[in-house]
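Below is one structure; the comments refer to it alone.
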Amino acid sequence: MVCKFPYPVEAIVFLTCACCYSFQVIQNQYIYMIVAKLHNYTENNSVDYCSNNKTATIDGKIVVDDASRWTMYSCLAFFLPCAVFSLIVTAWSDKIGRKWAIAIPTFGTAIGSAVQVIAILYRLPLYWTIIVSFIYGASGSYVAILNIGTAYLSDITYEEDRDRRFTILQACASFGGGVVLVASGYWIDSQGFIPSSIFITGCAIAAILFIPMMTSAEHDKYSVLPYIDDSVNANQDSLQGDKCYRSNVDRKCPMVEDECDESTALLHNKEITIKTSKSTFCSQIKVIWRIYTTEKNICYHVEDSVSDECFYTRRLWRLWFFVISYAWYTFVINGSAAFQTLFFISYPICFTPGMIGLQNGIASGLVILSPLIIKFYESVLRLRTQSILLLTICTRLSSTLMMGFAKSPILVFSATSIGVLSTFPNSIIRSQISKLVSSSEQGSALALLSGIEGTFSIFSSIFFLYIYPATLHISHGFSWIVASFVLCIPLILMIILWIVENIETTLQLRIDDRSFTAEADK
């Protein structure tokens with residue numbers, strides 16, 4: 001008998017991300033400590049990196065250069081395999097099921113964290129940090145876990161509930177990392193790196209226990225496909241079956257609903273599942289290509305509309321706008337994460353591990369408030385999803401720009417607090433993409449995001465870890481200023497999408513108003 005738990009995927013994401021997020025921060029500090037000791041910059045494995053050097057010195061520049069180089073090696077060892085395997089695992093989730101797919105990165109996280117404990121315990125050479133990073137990345141890590149979890153929630157929730165559930169999922173990921181980072185920071189100050197590393201290994205092992213509690217595909221409670229008009233490419237013989245399938249799925253699009261019964265829709269759904277289960281990885285790649293190169297009509301129900309009829313829009317350009325925005329936003333998020341530990345440790349910030357843990361904990365832990373903030377935006381301010389997305393990107397841009405001018409803890413923590421909304425865009429973009437594809441395409445559509453996140457993270461790590469030490473003579477926060485300019489790319493794309501969405505909504509409301517007036521005249 002399988003134990004029932006209402007939120008197994010959220011628990012898995014909470015525990016694994018507590019491990020994945022902490023592992024990178026711990027490893028970056030460990031690298032800096034070893035490099036500083038090798039250059040006689042600190043003594044006796046001290047973690048107070050500025051205790052003997054309260055000003056920028058030549059020795060400090062050498063340590064930063066060397067630490068940046070080793071950090072870049074470990075980032076490449078993580079993101080290179082992660083770009084490939086996260087795409088593979090997420091795409092396979094359509095074939096082998098979400099439960100088996102999410103087990104791969106969960107077990108990989110547990111193994112990687114255990115190897116990290118051994119490397120730190122026995123003071124193994126720095127190249128072991130590369131091995132640890134490779135183990136994490138080769139399993140897909142948190143990139144695959146979040147996207148598989150998103151696909152799983154898409155399978156079991158209605159479309160109108162997805163924004164809320166995806167936000168909760170992202171909040172679990174960030175809050176899990178935040179809680180552990182605060183604790184591990186002060187733990188490192190008092191007892192070194194080993195106890196905190198053992199603890200995050202325990203978190204990864206605990207996540208494994210929740211995998212059997214996930215609902216299998218055949219037990220999914222809902223069928224939640226968006227209404228997608230395939231009539232342009234569909235065969236005329238199968239069109240009637242498609243209509244029956246779609247009309248039973250999307251209750252808001254009442255096309256030919258009385259022409260078919262629920263058994264027809266379920267049968268059609270079963271046939272799609274069978275076709276998917278027989279697919280190979282090559283066919284999954286073809287599915288990804290088809291999704292992002294084939295134009296289709298999407299049925300939308302306008303919230304303020306007085307009519308129950310569908311409002312059709314094209315999906316292809318929207319998909320690519322979301323994908324490109326996700327890619328560049330990820331470029332900044334993961335790129336800044338690669339060098340921010342070095343930024344906080346070195347002069348003039350000079351944070352201790354406890355302060356680093358507190359900063360990361362605030363940045364991640366405050367995200368627990370995100371569902372309430374989203375509810376406030378939707379219910380009180382009456383903002384639509386696209387408006388919320390724009391607001392969150394603007395908030396991240398402001399926070400990043402403030403960090404570029406930070407020279408004291410006050411400004412660092414102020415920028416961190418403002419950036420509380422910075423994790424929203426990833427979950428909102430995933431939600432928007434899931435609404436543009438059918439349920440049989442969820443894993444494949446989100447797999448592209450996994451691959452892009454890994455690929456762009458490779459280049460962002462190299463880019464920022466190169467320009468950070470190279471531009472210290474210009475400004476300590478120059479890399480943050482560059483990151484804020486990069487964020488203008490997704491901001492501009494989302495502004496365009498927001499304008500188009502408002503124009504379409506206005507036109508539809510005018511059409512509804514005329515229809516309502518005509519009905520009243522009759």
Would you confirm whether any residue within segment 58-75 is at pLDDT below 85, open to solvent by 30 Å² or more (accessible area, probe 1.4 Å) and not in a helix (DSSP H, G or I)?
no
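Taking Ser438, is it open to solvent by 30 Å² or more (accessible area, probe 1.4 Å) and over 17 Å from the mean Cα position of the chain (by Cα)? It would help to see each step written out before you state the result.
Working: open to solvent by 30 Å² or more (accessible area, probe 1.4 Å): no; over 17 Å from the mean Cα position of the chain (by Cα): yes.
Spelling it out, it is not the case that Ser438 is open to solvent by 30 Å² or more (accessible area, probe 1.4 Å) and over 17 Å from the mean Cα position of the chain (by Cα).
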Just to be sure I understand the filter: pairs with C-beta atoms under 9 Å, separated by 6 or more residues or on different chains, first member in segment 269-294 and at pLDDT below 80 and open to solvent by less than 70 Å² (accessible area, probe 1.4 Å), second member of a type in the set (Phe, Trp, Tyr) and not in a loop (DSSP other than H, G, I, E, B). Which pairs pass?
Asn269/Tyr245; Ile272/Tyr245; Phe281/Trp92; Gln284/Trp92
Among residues of segment 403-424, those that are polar (S, T, N, Q), open to solvent by 20 Å² or more (accessible area, probe 1.4 Å) and outside any helix (DSSP H, G or I), counted
2
Condition test on Val35, is it touching a Ser or Thr at 6+ places or on another chain (Cβ under 8 Å), open to solvent by less than 30 Å² (accessible area, probe 1.4 Å), modelled with pLDDT of 80 or more and within 20 Å of Phe344 (Cα to Cα)?
no
Being over 19 Å from the mean Cα position of the chain (by Cα), farther than 30 Å from Val500 by Cβ, open to solvent by 20 Å² or more (accessible area, probe 1.4 Å) and of a type in the set (Val, Ile, Thr): is that true of Thr341 here?
no
Are any residues in segment 359-406 under 18 Å from Arg430 (Cβ atoms) and charged (D, E, K, R), and if so, which ones?
Glu378, Arg384, Arg396
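Could you say which residue among Pro425, Pro469 is closer than 28 Å to Pro348 by Cα and either in contact with a helix residue (DSSP H, G or I) (Cβ under 9 Å, 6 or more places away or on another chain) or of a type outside the set (Phe, Trp, Tyr) (or both)? Walk me through how you get there before you give the answer.
Values: Pro425 fails: closer than 28 Å to Pro348 by Cα.
Of the residues listed, the single one that is closer than 28 Å to Pro348 by Cα and either in contact with a helix residue (DSSP H, G or I) (Cβ under 9 Å, 6 or more places away or on another chain) or of a type outside the set (Phe, Trp, Tyr) (or both) is Pro469.
Kindly provide the set of residues from segment 379-395 that are without any contact (Cβ under 8 Å) to a residue 40 or more places away in the chain and assigned to a helix (DSSP H, G or I), ordered by number. Talk me through it step by step, then tell me what you get.
Going residue by residue through segment 379-395, those that are without any contact (Cβ under 8 Å) to a residue 40 or more places away in the chain are 379-383, 391-392, 395.
Ser379, Leu391, Thr392, Thr395 - these are the residues of segment 379-395 that are without any contact (Cβ under 8 Å) to a residue 40 or more places away in the chain and assigned to a helix (DSSP H, G or I).
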Taking segment 94-105, which residues are over 14 Å from Cys282 (Cα atoms) and part of a helix (DSSP H, G or I)?
Ile96, Arg98, Lys99, Trp100, Ala101, Ile102, Ala103, Ile104, Pro105
For segment 472-481, give me each residue that is modelled with pLDDT of 90 or more and surrounded by fewer than 20 Cβ atoms within 10 Å (Cβ to Cβ).
Phe478, Ile481
Search segment 158-173 for residues that are closer than 21 Å to Tyr21 by Cα and pair each with any residue that is open to solvent by 20 Å² or more (accessible area, probe 1.4 Å) and outside any helix (DSSP H, G or I) when their beta-carbon atoms are under 8 Å apart and the residues are at least 6 apart or on different chains.
Gln170/Thr423; Ala171/Thr423; Ala173/Thr423
Taking only pairs six or more apart or across chains, which ones have beta-carbon atoms under 7 Å, a first residue in segment 464-480 that is closer than 17 Å to Asp66 by Cα and in contact (Cβ under 8 Å) with a residue 60 or more places away in the chain, and a second residue that is open to solvent by 30 Å² or more (accessible area, probe 1.4 Å) and among the aliphatic types (A, V, I, L, M)?
Leu465/Met72
Pairs with Cβ under 6 Å, 6+ apart, first in segment 325-348 and modelled with pLDDT of 90 or more and of a type in the set (Phe, Trp, Tyr), second open to solvent by less than 10 Å² (accessible area, probe 1.4 Å) and in a helix (DSSP H, G or I)
Tyr326/Ile429; Tyr326/Leu449; Trp328/Pro490; Tyr329/Pro425; Tyr329/Pro490; Phe331/Ser460
The residue from Ser398, Ser427, Ser325 that alone is open to solvent by 50 Å² or more (accessible area, probe 1.4 Å), part of a helix (DSSP H, G or I) and polar (S, T, N, Q) is Ser398
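The values are calculated or read from the model by the stated rules, or taken from the named source; none is laboratory data. Fair warning: this is a prediction, and the values are worked out from it, not measured in the lab. Positions of Cβ are backbone-derived with ideal geometry, glycine not excepted, and every protein chain shown enters the neighbour counts. Heads up: the accessible areas ignore ligands, DNA and RNA and are worked out on the full protein's heavy atoms, side chains in. Shrake-Rupley method; radii C 1.70, N 1.55, O 1.52, S 1.80 Å.
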